[in-house]
1. Please enumerate the residues belonging to region 33-59 that are touching a residue at least 24 places away in the same chain (Cβ under 8 Å) and acidic (Asp, Glu).
2. Taking Arg67 as the residue in question, decide whether it is in contact with a Leu (Cβ under 9 Å, 6 or more places away or on another chain), open to solvent by 60 Å² or more (accessible area, probe 1.4 Å) and farther than 14 Å from Pro40 by Cα.
3. In region 111-130, what residues are under 15 Å from Asp47 (Cβ atoms) and open to solvent by less than 50 Å² (accessible area, probe 1.4 Å)?
4. Can you find a residue in region 78-99 that is surrounded by 16 or more Cβ atoms within 10 Å (Cβ to Cβ), modelled with pLDDT of 90 or more and closer than 24 Å to Asp147 by Cα?
5. From Arg55, Arg107, which residue is of a type in the set (Lys, Arg), out of contact with any His (no Cβ under 7 Å at 6 or more places or on another chain) and open to solvent by 20 Å² or more (accessible area, probe 1.4 Å)?
6. Ile75 versus (1) farther than 25 Å from Ala136 by Cβ; (2) assigned to a loop (DSSP other than H, G, I, E, B): which is the lone unmet condition?
Amino acid sequence: MRHRRHTLAVPDSDVTHVYGLPVTTLPRTMADCLLDLPCPDALVIADSLLRIAARPDRFHPGPERQRVREVSTRIEQASCRRRRLRARRLLPFLSPWAESPGESVLRLALLRAGAPEPVAQHPVQVRGKWYFPDLAWPALCLGVEFDGAVKYADPGTL
């Protein structure tokens, strides 16, 4: 059995240092994940990294779009790599508002099933108190929460 090893040159502009170790920048890492990982895994990781990079503010959204443009640039620069089309198609669905892997996977499943694109963490005020459903369709007055089993598990079992 033959094994092939492929390596990619990483330009200095895509390298940063964390605690003295060279690592790829967040936009480059996101692009690599979108290009190389299976779709649900790529979306989960890219959402999480976008959340770290954009530090979204529920009441003042906006800066996250600049980060997505940076990732888009890295994807376009990856002309020799497979899955560029799929990576490009995932870009509009990235969200820094996903607070768990389950929320990202649920959003992807709903979109694949033909649901309209949801708004993540849409602010809803009820009796003077603010709530942020994980996914919402404001025009339909519909909100969805994704809570994993851990949230409801007995504290002694963790």
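The values are calculated or read from the model by the stated rules, or taken from the named source; none is laboratory data. These figures come from a predicted structure and were not determined experimentally. Glycine gets a Cβ as well: all are built from the backbone with ideal geometry, and neighbour counts include every protein chain shown. For accessibility, only protein heavy atoms count, side chains too; no ligands or nucleic acids. Shrake-Rupley method; radii C 1.70, N 1.55, O 1.52, S 1.80 Å.
1. Asp36, Asp47
2. Spelling it out, Arg67 is indeed in contact with a Leu (Cβ under 9 Å, 6 or more places away or on another chain), open to solvent by 60 Å² or more (accessible area, probe 1.4 Å) and farther than 14 Å from Pro40 by Cα.
3. Across region 111-130, the qualifying residues are Leu111, Pro118, Ala120, Gln121.
4. The answer is no, given that none of the residues of region 78-99 is surrounded by 16 or more Cβ atoms within 10 Å (Cβ to Cβ), modelled with pLDDT of 90 or more and closer than 24 Å to Asp147 by Cα.
5. Residue meeting the stated conditions: Arg55.
6. If we test Ile75 against (1) farther than 25 Å from Ala136 by Cβ; (2) assigned to a loop (DSSP other than H, G, I, E, B), just (2) comes out false.
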